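The values are calculated or read from the model by the stated rules, or taken from the named source; none is laboratory data. Since we're looking at a predicted model, the values are computed, not measured. Positions of Cβ are backbone-derived with ideal geometry, glycine not excepted, and every protein chain shown enters the neighbour counts. In case anyone asks, the SASA skips ligands and DNA or RNA and just uses the protein heavy atoms, side chains included. Shrake-Rupley method; radii C 1.70, N 1.55, O 1.52, S 1.80 Å.
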Amino acid sequence: MKINREEALRFIKEHDRFLLLCHDNPDGDTLGSALGLLFACKKLMKHCRVACGDGVPLLYAGLPGAKDVLRSEDAEPIEGEAVIYIDIADAPLCRRSSHLMAKNSLCIDHHATNSDYAAYTYCVPTAAACGEVILDLIHGLGIELDHTMAKCLFYAISTDTGHFAFSNTTAATFAAMAELMAYDLPIADYARDLYKVRSVGKTKLIAAALSRLTMAAGGKGAIITVRHGDYALCGAKQSETEGIIDFARDIRGVEVAALIKELSDGTCKISIRSNGDVDVSAIAASFGGGGHKKAAGFNLLMPPDAAEQTLITLMEEAL
């Protein structure tokens, strides 16, 4: 059931124990938002923990509280604990945490494609990142921000806006960042850690992925594939695929870009981005996925070559 801001605040105020769930394959927004809310709830003397179906990627290891994020497989439900889904548009996005999902739940999100799967859903599609929504809720709870919460929310907002370069960035985004900057954030250091520094393994993984670059729809579409065996060959971690799609997205003339990630179970995880008018969230939704108009994702139960052909057809139809 969809609820408003005041009802979401009431849910948080009325409960004393929370499990904050991040989506599988976590990004900076789900982690930064969850950890920001974690530290806010602690100021209210509430018992709170954060769990995720996958481990925290090395890229986000510098987040306060990152080392305490539980792997969902190691966590058990606690009686009387309310669950808050953070930045999760649909239940399958946290399938590795399915045993932790509860009826007494609130989803805090910013995806227009949110399926309203939780008992209560507070979704703000105009927000550039879930971090913006969490910041507003922290204000509503009457909690004073500190450096720790500000860093978490900086990571959340920066990563979901491409460091303020994506079209979802608004005046409200910059207003939020101006507020966070009052807490002495060394953003030059954060930006280097998030967007510049990479391991040798990731560098080799980028090379392997780019060797499979495929163009489609007369140069308006671009597809990059990462095969499961690439990680061992390159000495890279599976979480190090973040940002690789931008090499396809940034090709001159490309309107739709996609990254195919082959998983160990034979599934291909598809990330898809739009530079133009194509609504990739609609494409993702048709395959049971979701996201935003210009950034979305879904899974295909087929090998990478077949997934590539499927994407070529989709791009030709869309473009």
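If only residues of the stretch 59-92 that are among the hydrophobic types (A, V, I, L, M, F, W, C) and touching a Ser or Thr at 6+ places or on another chain (Cβ under 6 Å) are counted, the one that is surrounded by the fewest Cβ atoms within 10 Å (Cβ to Cβ) is 83.
From the list 243, 288, pick out the single residue that is assigned to a loop (DSSP other than H, G, I, E, B) and in contact (Cβ under 8 Å) with a residue 60 or more places away in the chain. Steps first, please.
Numbers: 243 fails: in contact (Cβ under 8 Å) with a residue 60 or more places away in the chain.
Residue meeting the stated conditions: 288.
Considering 312, 260, the condition of being open to solvent by less than 40 Å² (accessible area, probe 1.4 Å), modelled with pLDDT of 95 or more, in a helix (DSSP H, G or I) and among the β-branched types (Val, Ile, Thr) is satisfied by 312 alone. For the stretch 117-132, residues that are in contact (Cβ under 8 Å) with a residue 60 or more places away in the chain and either within 14 Å of the chain's Cα centre (by Cα) or open to solvent by 30 Å² or more (accessible area, probe 1.4 Å) (or both) total 6. Of 168, 114, 104, all but one fail to be open to solvent by 10 Å² or more (accessible area, probe 1.4 Å), modelled with pLDDT of 95 or more and of a type outside the set (A, V, I, L, M, F, W, C); the exception is 104. Of the numbered criteria (1) assigned to a helix (DSSP H, G or I); (2) modelled with pLDDT under 95, the one residue 24 fails is (1). Taking residue 137, is it in a helix (DSSP H, G or I), crowded, with 16+ Cβ neighbours inside 10 Å, among the aliphatic types (A, V, I, L, M) and out of contact with any Ser or Thr (no Cβ under 9 Å at 6 or more places or on another chain)? Yes, satisfied. Taking the stretch 193-220 as the range and being in contact with a Leu (Cβ under 6 Å, 6 or more places away or on another chain) and in a strand (DSSP E or B) as the test, no residue passes.
Is the stretch 257-267 home to any residue that is within 25 Å of residue 112 (Cα to Cα) and either without any contact (Cβ under 8 Å) to a residue 12 or more places away in the chain or out of contact with any helix residue (DSSP H, G or I) (no Cβ under 6 Å at 6 or more places or on another chain) (or both)? Break it down into steps so the answer makes sense when it comes.
Of all residues in the stretch 257-267, those within 25 Å of residue 112 (Cα to Cα) come to 257-261.
If we keep only those that are either without any contact (Cβ under 8 Å) to a residue 12 or more places away in the chain or out of contact with any helix residue (DSSP H, G or I) (no Cβ under 6 Å at 6 or more places or on another chain) (or both) as well, we get none.
Within the stretch 257-267, none of the residues are within 25 Å of residue 112 (Cα to Cα) and either without any contact (Cβ under 8 Å) to a residue 12 or more places away in the chain or out of contact with any helix residue (DSSP H, G or I) (no Cβ under 6 Å at 6 or more places or on another chain) (or both).
Cβ separations smaller than 7 Å between residues 6+ apart or across chains give the following pairs from the stretch 304-317 residues that are within 15 Å of residue 222 (Cβ to Cβ) to residues that are part of a helix (DSSP H, G or I) and of a type outside the set (Val, Ile, Thr): 315/217; 316/217. Confirm whether residue 239 is open to solvent by 40 Å² or more (accessible area, probe 1.4 Å), small (Gly, Ala, Ser), at pLDDT below 95 and more than 22 Å from residue 302 (Cβ to Cβ). Yes. Selection of the stretch 153-165 for residues being surrounded by 13 or more Cβ atoms within 10 Å (Cβ to Cβ), free of Cβ contacts under 8 Å to residues at least 60 places away in the same chain and at negative phi yields only 161.
Rundown of residues vs (1) in contact with a Cys (Cβ under 8 Å, 6 or more places away or on another chain); (2) under 16 Å from residue 120 (Cβ atoms), yes/no style:
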residue	(1), (2)
55	no, no
59	no, no
69	yes, no
83	no, yes
88	yes, yes
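Residue count for the stretch 291-309 under the criterion of being in contact with a strand residue (DSSP E or B) (Cβ under 6 Å, 6 or more places away or on another chain) and either open to solvent by 40 Å² or more (accessible area, probe 1.4 Å) or hydroxyl-bearing (Ser, Thr, Tyr) (or both): the result is 2.
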